[in-house]
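Engineer: Could you have a look at this structure, given as structure tokens, before my questions?
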Amino acid sequence: MAGRDVSDVDAVAHLRANLDAIRARIDAACRGAGREPAEVRLLPVSKTVDEARLRAAYAIGLRELGENKVQEAMGKWEAMADLPDLRWVLIGHLQTNKAKYAARFAGEFQALDSLRVAEALDRQLQARGRALDVLVQVNTSNEASKFGLPPDEVEAFVKQLPAFSSLRVRGLMTLALFSEDEARVRPCFVRLRELRDRLRQAAPDGIAMDELSMGMSGDFELAIAEGATTVRVGTALFGMRGTPDSDYWPGFAGGAGDPAR
């Protein structure tokens with residue numbers, strides 16, 4: 001490691017220890033649910049995380065990063081263009097006028113909940129000769145402050161998505177209720193899984209319903225127990241944030257660096 005700053009070495013070691021702990025939690029949750037750990041994808045959430053720590057994450061083998069704000073993500077993508085195998089996943093609400101940015105670099109978009117956004121993305125992607133994996137966001141907690149479709153509107157929405165040929169629909173995503181009460185959180189995950197299972201029978205040709213993106217740092221074990229295929233983990237990997245989560249998650253009342261994300 002000659003020539004590397006000691007702080008860089010420490011950052012890599014710290015991230016590796018956090019990653020090992022997260023992997024151990026995922027493995028234990030999978031064993032408890034009778035599942036294989038390979039069935040669950042870990043998506044590191046890198047919102048507010050600086051470039052140095054993202055490079056440290058790359059150094060320990062992470063090749064996907066989840067971002068909430070498209071312009072923040074694009075800035076990081078541009079700054080880290082020397083790492084072409086790093087895949088950027090957008091997990092936050094997207095305005096139609098920002099679709100042109102997402103179409104430039106995103107490999108996946110997990111928060112589709114509007115035909116207007118679908119049309120804008122499809123148009124921009126086709127102009128660039130690109131395609132994009134997408135998940136449909138569902139508001140399983142029925143909170144007015146959150147983005148995502150009500151569960152009873154998802155089937156009709158999904159049936160219209162084949163019109164957008166650049167969008168490769170892979171499944172569903174949700175944000176569970178922000179609560180430490182498992183009895184209130186778990187039903188959000190159950191609703192998403194049950195909805196996915198119903199949609200598998202009704203989805204049009206070309207629409208896949210395999211993916212369930214649900215669960216974050218404080219609740220991903222519950223999500224795994226209910227069938228999550230992707231868990232989105234930020235603070236457990238990168239540490240507490242200095243920016244309030246309310247800047248990123250509508251309706252979230254917690255303070256800066258809340259450990260549940």
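Engineer: Pull up all non-local amide H partners of T140: gap of 5 or more, or a different chain, and H-to-H distance under 5 Å with H placed in the peptide plane.
Structural biologist: L175
Engineer: Based on the Cβ-Cβ distance of D152 and D85, what FRET efficiency does E = 1/(1 + (r/R0)^6) give at R0 = 51 Å, to the nearest 0.05?
Structural biologist: Numbers: r = 40 Å, r/R0 = 0.78.
The value I calculate is 0.80.
Engineer: Return the long-range amide H neighbours of R168 (sequence gap of 5 or more, or a different chain), with a cut-off of under 5 Å between placed amide H atoms.
Structural biologist: Residues meeting the criterion, in which the H sits 1.01 Å from N, are L132, D133, V134.
Engineer: Return the percentage of antiparallel bridges among DSSP beta bridges fully within the chain, rounded to the nearest 5 %.
Structural biologist: That works out to approximately 5 percent antiparallel.
Engineer: At q = 0.08, 0.17, 0.18 Å⁻¹, what log₁₀ I(q)/I(0) does the range 1-145 have when each alpha carbon counts as one equal point scatterer in the Debye sum?
Structural biologist: Treating every Cα as an identical point scatterer, log10 I(q)/I(0) equals -0.28, -1.05, -1.12.
Engineer: I've got another one for you. On average, how much area does the Cα convex hull of the range 6-239 cover when viewed from any direction, in nm²?
Structural biologist: Taking the Cα atoms of the range 6-239, their convex hull projects to 12.6 nm² on average.
Engineer: Still on this model: What are the extents of the Cα atoms of the range 1-86 along their three principal axes, in Å, largest first?
Structural biologist: 42, 34, 21
Engineer: Short version: ³J(HN,Hα) in whole Hz for each residue of the range 183-197, in order, from phi by Karplus 6.51 cos²θ - 1.76 cosθ + 1.60 (θ = phi - 60°), x for Gly and Pro, what are they?
Structural biologist: Taking θ as phi minus 60°, the curve returns 5, 9, 7, 4, x, 5, 6, 4, 4, 5, 5, 5, 5, 4, 5 Hz for the range 183-197.
Engineer: Give me a comma-separated list of calculated 3J(HN,Hα) values for the range 36-42, in order, Karplus coefficients 6.51, -1.76, 1.60 applied at θ = phi - 60°, integers in Hz, x for any Gly or Pro.
Structural biologist: 8, x, 5, 6, 10, 8, 8
Engineer: Something else: Where a Cα-Cα gap under 18 Å defines reach, which lysines qualify for K76, not counting those fewer than 8 residues away within the same chain?
Structural biologist: Within the straight-line cut-off, K76 pairs with K47, K98, K100.
Engineer: Binned at 5 Å from 0, what are the whole-percent values of the Cα-Cα distance distribution for the range 147-201, short to long?
Structural biologist: Here the calculated profile for the range 147-201 is 4, 16, 26, 23, 16, 9, 5, 2, 0.
Engineer: In a GNM of the chain with a 10 Å cut-off on Cα contacts, which of P44, P187, P204 has the highest mean-square fluctuation?
Structural biologist: Comparing P44, P187, P204 in a Gaussian network model of the chain, the most mobile one is P204.
Engineer: Kindly state, as a whole number, the per residue volume in cubic angstrom of the convex hull around the alpha carbon atoms of the range 108-190.
Structural biologist: Values: hull volume 7.7 nm³, N = 83.
Residue-normalised Cα hull volume stands at 93 Å³.
Engineer: Now for a separate question. Which residue fluctuates the most in the chain, going by a Gaussian network model with Cα springs under 10 Å, if the choices are D20, D133, D122?
Structural biologist: D20
Read-outs throughout are calculated quantities, based only on the coordinates presented, and are distinct from any laboratory measurement. Just so we're clear, the structure is a prediction, and the values are computed from it rather than from any experiment. Note that each Cβ is placed from the backbone with ideal geometry, even for glycine, and that neighbours are counted across all protein chains shown.
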